[in-house]
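S.K.: Would you mind keeping the following structure in view while I ask a few things?
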């Protein structure tokens with residue numbers, strides 16, 4: 001490890017705040033009936049400084065976009081990946097109201113289309129497989145559009161995010177521009193994500209260069225992921241660019257180590273869905289009427305704006 005014990009102690013408190021907030025939010029998402037879960041969500045919401053500006057209620061139905069929906073569609077079931085910190089989907093202080101960038105985009109699109117969304121919660125790795133079975137009509141969880149996913153999933157893009165790295169502020173790592181810089185390190189990331197796939201696909205880069213391979217640690221709960229960094233079990237976190245920037249801005253003791261790979265992000269549907277044209281038209285309507293920019297400004301993600309929505313575009317290449 002590259003961090004001394006005294007340095008870790010200096011940053012213990014700040015990372016305890018991150019981990020506690022994320023763990024409490026995740027426990028609420030699990031459907032726990034424990035009374036402490038609700039109180040924990042309130043504490044976490046305050047710690048994360050979740051923005052509450054209403055940027056959706058003024059959105060009006062657009063007949064042209066709504067007319068693209070299949071006949072008879074009045075409501076859809078959407079699955080959100082819940083847990084962690086903004087701009088990802090989490091809870092407000094009441095412990096039951098979902099909020100986040102994906103939530104705002106989905107609700108704004110629903111208003112444009114004049115439909116109702118039945119909100120469900122699921123783990124990130126469970127949503128995409130469940131779309132094909134019809135359990136959910138669509139999913140939202142900052143799903144990056146990759147060529148591999150496009151084989152079985154249709155996407156309607158609404159933002160551009162991607163892959164980045166963060167570490168403790170006392171880390172000796174500088175800006176990360178290639179995976180060879182991670183040789184010999186322990187990397188924490190989310191289970192079932194593009195980050196895990198990228199790290200697995202490129203595991204050979206270190207051994208090819210005659211260096212010690214990096215080790216990948218995957219976590220289903222964001223609280224456990226941040227705890228691994230705080231406790232020195234991992235050296236680096238690989239996650240979304242926007243999520244890492246938010247964490248660095250909101251909590252002391254973190255350092256953003258740069259972008260690695262940009263990806264378009266979209267609503268996910270089963271392959272061959274007939275909903276995609278309507279959703280694309282709705283996102284483009286939000287872009288043209290200014291609502292889109294309001295949502296980005298609320299969550300501090302203006303750098304991730306897209307000019308127009310597309311259906312399952314090819315994966316972006318660096």
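Bear in mind these aren't lab numbers, they're just calculated from the coordinates by the rules spelled out. Just so it is clear, the structure is predicted and the values come from calculations on it, not from any experiment. Here Cβ is always computed from backbone atoms with ideal geometry, including for glycine, and neighbour counts include all displayed protein chains.
S.K.: Go ahead and collect, in residue order, the members of segment 242-274 whose backbone nitrogen is under 12 Å from a label point 7 Å along the Cα-Cβ direction of residue 297.
M.R.: Output list for this probe position: empty.
S.K.: From the square roots a ≥ b ≥ c of the eigenvalues of the alpha-carbon gyration tensor of segment 162-318, which class results: rounded (a/c under 1.5), prolate (a/b over b/c), or oblate?
M.R.: prolate
S.K.: Related question: Provide the convex hull volume over Cα atoms per residue for segment 235-276, in Å³.
M.R.: Numbers: hull volume 4.6 nm³, N = 42.
Looking at segment 235-276, the number lands at 110 Å³ per residue.
S.K.: D for segment 104-144, whole µm²/s, Stokes-Einstein with Kirkwood Rh over alpha-carbon pairs at 20 °C and 1.002 mPa s: what number?
M.R.: Values: Rh = 11.2 Å.
Using the Kirkwood radius from Cα pairs, D works out to 191 µm²/s.
S.K.: Given axes a ≥ b ≥ c from the Cα gyration tensor, I'd like to know whether segment 255-318 is rounded (a/c under 1.5), prolate (a/b larger than b/c) or oblate.
M.R.: Working: a/c = 2.44, a/b = 1.23, b/c = 1.98.
Judged from the Cα gyration tensor, segment 255-318 comes out oblate (a/c at least 1.5, b/c at or above a/b).
S.K.: Which value, to two decimals, describes the C-alpha radius of gyration of segment 56-122 once divided by 2.2 N^0.38 Å?
M.R.: 1.20
S.K.: Additional query: Give the separation of the Cα centroids, segment 148-168 to segment 234-258, in Å.
M.R.: Taking the Cα centre of segment 234-258 as reference, the centre of segment 148-168 is 17 Å away.
S.K.: Taking each pair of different alpha-carbon atoms in segment 170-212 once, compute 1/r for the pair, average those values, and report the inverse of that mean as the Kirkwood hydrodynamic radius in Å to one decimal.
M.R.: On the way: mean 1/r = 0.0878 Å⁻¹.
It is 11.4 Å.
S.K.: When the gyration tensor of segment 77-215 is built from Cα positions, what are the square roots of 5 times its three eigenvalues, in whole Å, from largest to smallest? List each step's numbers first, then the result.
M.R.: Numbers: eigenvalues 221, 67, 31 Å².
The answer is 33, 18, 13 Å, longest axis first.
S.K.: Compute the label zone of residue 202 within segment 216-242: residues whose backbone N is under 20 Å from the point 7 Å along Cα-to-Cβ.
M.R.: Flagged as within label range: 216-219, 234-242.
S.K.: How long are the semi-axes of the equivalent ellipsoid of segment 177-240, taking √(5λ) for every eigenvalue λ of the Cα gyration tensor, in whole Å from largest down? Each step should come with its number before you reach the end.
M.R.: Values: eigenvalues 82, 34, 13 Å².
Semi-axis lengths for segment 177-240 are 20, 13, 8 Å.
S.K.: Arrange the following residues from fewest to most other Cβ atoms within 10 Å of their Cβ: 292, 158. Present the calculation step by step, with values, prior to reporting the outcome.
M.R.: Working: 292 22, 158 30.
Going from sparsest to densest Cβ surroundings: 292, 158.
S.K.: Could you order the peptides 180-188, 65-73 from most to least packed, using the average number of other C-beta atoms within 10 Å per residue? Kindly include the intermediate steps, with their values, before the conclusion.
M.R.: Values: 180-188: 18.2, 65-73: 13.4.
My ranking of the peptides, most packed first, is 180-188, 65-73.
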